[in-house]
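Input: a single structure, listed below in structure tokens.
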Amino acid sequence: MTLTRRALLRGTAAATLGLAGLGAAGCSGLAPGRDATGSLDFWNLFGGGDGVRMTQMLDGFRTANPGIALSAVTLTWGNPYYTKLALATLGDKPPDVAVSHLTRMKTLVSSDLLEELRPADLARHGIAAEQFTTRAWQAGLVDGRSYAIPIDTHPFVMFYNTDVCEKAGLLDSSGALTPLDTPEKFTDAMRRAKEASGGYGGVVSINNDTATPWRIFQSLYGQLGGEMLADEGRRVVIDDAKASQVLTFLQSLTSGGLFPAGIDYQGAVATFANGQAGFYFQGEWEISTFQTAKMPFSMTLFPNLYGGGKYAVQADSHTLVIPRQPDQDQDQIDRSLLLIRSMLDQSKTWAEGGHVPTWLPFRDSPEYQAMTPQSNYAAAADAAVYDPDGWYSGSGSNFEIVTGSAIATVLAGQQSPADALAQMHRQLRDLSTTASPI
């Protein structure tokens, strides 16, 4: 008999999950197994403010559906989460519904780990393609078929301290930030904000953070129309001229003292929260941090420095998926879709945490338009540049680790743009010629 890699993984998954189930039952008091006639298992990767809001939404589902026993598990963000989800599905013990980044979902589909969401099933729950933002829905299709329901778009955005920017003369008569739509205007604004704050013009995390350097690079590189991978990750197609242009510009911000050249995630948050920088660049999910700090701030789109008439910004989407099960039946599918529809109906709660809702019945409502600063950057959902396809790509992936690490060395002044690009080429080529583990 021939033992395939997939069969080996399936056997390993079953054994691993069996042991893990015994440990969980013994430590947490949760009973192993589940009542397939009226229960739902839900896996997610949300911590912080997102975790609090997701808990509120799950409680909302429980209140509305007292006959369904909903069990929710939060696992470690990034590669550990997707490894466990894949192994659980290969081992025939997946959750009924799971969260997946849109950029990781296609790898699960190519490995035959997700159920197709058939239009007829969706229609029974009042869900249809035209009820979602076009970019997020289309980006999630595989061969024209749907396997995931996007609940948001989370773009890279620009936070700004309104007091610092007013002092720097960067606000117009209505109090809105003046456009920073060229590299020259952007650099000038950072200089003026640096003088007004007495610290830095802007701040972006670098140390021990690979995702953020990738996001700021991809936002600018995407505006230039640059691509990284092709043929589902089997070819590396970095445009060195465009990438070098972006890296050189980013390095000028730190070498010129406008951005700190060595700061980690929490340090960047604290620098902005303490008024020591006029601007902060990160995903919109940090809105809760600065609201809690009660500091004077607002948010807007990441600047369009290179895009001209075509805006682009790095983003991803959280989606809800139904993993494949050996005994999946219609009742189980419908219970899963009932939970998914409940999440969509609670889009306001999710949007309060900064994410741009993809559910148009709420996104287009006066209620969302009145939410500020959240609605200020809603247009980013239509200009989202998702990470390229590839089994090793997507949020929290090896691709982001490789690229973000190289970009971080440029921002920190440890490596030239040319050397960083050579490092990216070399490491991405190694990944592109490696077969998917599943």
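The values are calculated or read from the model by the stated rules, or taken from the named source; none is laboratory data. In this text the structure is predicted, and so the values were computed from the model without any measurement. Positions of Cβ are generated from backbone atoms using ideal geometry, with glycine treated the same way; all protein chains shown enter the neighbour counts.
Residues that are within 21 Å of the chain's Cα centre (by Cα), in a loop (DSSP other than H, G, I, E, B), of a type in the set (Gly, Ala, Ser) and buried (at least 22 other Cβ atoms within 10 Å of the Cβ) occur at least once in segment 127-140. Is it fair to say Arg341 is crowded, with 21+ Cβ neighbours inside 10 Å and either modelled with pLDDT of 95 or more or over 25 Å from Thr182 (Cβ atoms) (or both)? So Arg341 fails the test.
So which of Ser197, Ser244 ends up being under 21 Å from Phe281 (Cα atoms), touching a Pro at 6+ places or on another chain (Cβ under 6 Å), among the polar types (S, T, N, Q) and in the same structural domain as Ala412 (by TED's automatic domain parsing)?
Ser244
The requirement of being free of Cβ contacts under 8 Å to residues at least 60 places away in the same chain and either among the aliphatic types (A, V, I, L, M) or on the phi > 0 side of the Ramachandran plot (or both) is satisfied by Ala370. Only one entry in Glu166, Glu232 is farther than 23 Å from Ala268 by Cβ and of a type in the set (Asp, Glu), namely Glu232.
Candidates are the residues of segment 55-81 that are among the small types (Gly, Ala, Ser), within 27 Å of Gly396 (Cβ to Cβ) and at pLDDT 95 or above; the one that is surrounded by the most Cβ atoms within 10 Å (Cβ to Cβ) is Ala72.
Can you work out which of the residues in segment 36-54 that are farther than 30 Å from Thr210 by Cα and surrounded by fewer than 15 Cβ atoms within 10 Å (Cβ to Cβ) is modelled with the highest pLDDT? Break it down stepwise before answering.
Kept after step one, since they are farther than 30 Å from Thr210 by Cα, are these residues of segment 36-54: 36-41.
After this cut, where a residue has to be surrounded by fewer than 15 Cβ atoms within 10 Å (Cβ to Cβ) as well, the list is 36-38.
Values: Ala36: 35, Thr37: 46, Gly38: 88.
In this case the residue turns out to be Gly38.
Given the criterion more than 21 Å from Met424 (Cβ to Cβ) and in a helix (DSSP H, G or I), identify the matching residue among Gln266, Gln245.
On the way: Gln245 fails: more than 21 Å from Met424 (Cβ to Cβ).
Just one listed residue meets the conditions, Gln266.
Going through (1) charged (D, E, K, R); (2) at pLDDT below 95; (3) assigned by TED's automatic domain parsing to the domain that holds Gly48 one by one, Lys310 falls short only on (3).
Kindly indicate which of Ala351, Ala370 is under 19 Å from the mean Cα position of the chain (by Cα) and in the same structural domain as Pro80 (by TED's automatic domain parsing).
Details: Ala370 fails: under 19 Å from the mean Cα position of the chain (by Cα).
Checking each option against the conditions leaves just Ala351.
When you check Gln251 against the structure, is it among the polar types (S, T, N, Q), surrounded by 15 or more Cβ atoms within 10 Å (Cβ to Cβ) and either in a helix (DSSP H, G or I) or in contact with a strand residue (DSSP E or B) (Cβ under 7 Å, 6 or more places away or on another chain) (or both), yes or no? Write out each step before concluding.
Details: among the polar types (S, T, N, Q): yes; surrounded by 15 or more Cβ atoms within 10 Å (Cβ to Cβ): yes; either in a helix (DSSP H, G or I) or in contact with a strand residue (DSSP E or B) (Cβ under 7 Å, 6 or more places away or on another chain) (or both): yes.
Against the criterion (among the polar types (S, T, N, Q), surrounded by 15 or more Cβ atoms within 10 Å (Cβ to Cβ) and either in a helix (DSSP H, G or I) or in contact with a strand residue (DSSP E or B) (Cβ under 7 Å, 6 or more places away or on another chain) (or both)), Gln251 qualifies.
Anything in segment 311-346 that is farther than 16 Å from Ala148 by Cβ and either assigned to a helix (DSSP H, G or I) or among the hydrophobic types (A, V, I, L, M, F, W, C) (or both)? List them, or say none.
So the first thing to find is which residues in segment 311-346 are farther than 16 Å from Ala148 by Cβ, and the list is 311-314, 325-332, 334-335, 338, 342, 345-346.
Hits for segment 311-346 are Ala312, Val313, Gln330, Asp331, Gln332, Asp334, Arg335, Leu338, Ser342, Asp345.
The residue of segment 269-292 that is nearest to the chain's Cα centre (by Cα), among those that are part of a helix (DSSP H, G or I) and not hydrophobic (A, V, I, L, M, F, W, C), is Glu284.
Which of the residues that make up segment 371-398 are more than 17 Å from Trp214 (Cβ to Cβ) and of a type outside the set (A, V, I, L, M)? If the condition is that a residue be more than 17 Å from Trp214 (Cβ to Cβ) and of a type outside the set (A, V, I, L, M), then Thr372, Pro373, Gln374, Ser375, Asn376, Tyr377, Asp382, Trp391 are the ones that fit. Contact map, segment 149-167: first residue touching a residue at least 40 places away in the same chain (Cβ under 8 Å), second residue part of a helix (DSSP H, G or I) and among the β-branched types (Val, Ile, Thr), Cβ cut-off under 7 Å, separation 6 or more or different chains; pairs are Ile149/Ile340; Phe156/Ile216.
Of the helices (runs of 4 or more DSSP H) contained entirely in segment 32-124, those carrying at least 1 residues that are touching a residue at least 12 places away in the same chain (Cβ under 8 Å) and within 19 Å of Arg335 (Cβ to Cβ) fall at 48-64, 79-90, 119-124. With respect to the numbered conditions (1) over 21 Å from Asp327 (Cβ atoms); (2) assigned to a helix (DSSP H, G or I); (3) at pLDDT below 50; (4) aliphatic (A, V, I, L, M), which one is the sole condition not fulfilled by Ala7? Unmet for Ala7, out of (1) over 21 Å from Asp327 (Cβ atoms); (2) assigned to a helix (DSSP H, G or I); (3) at pLDDT below 50; (4) aliphatic (A, V, I, L, M): (1).
For segment 204-242, filtering for residues that are in a loop (DSSP other than H, G, I, E, B), in contact with a Leu (Cβ under 7 Å, 6 or more places away or on another chain) and among the polar types (S, T, N, Q) leaves 0.
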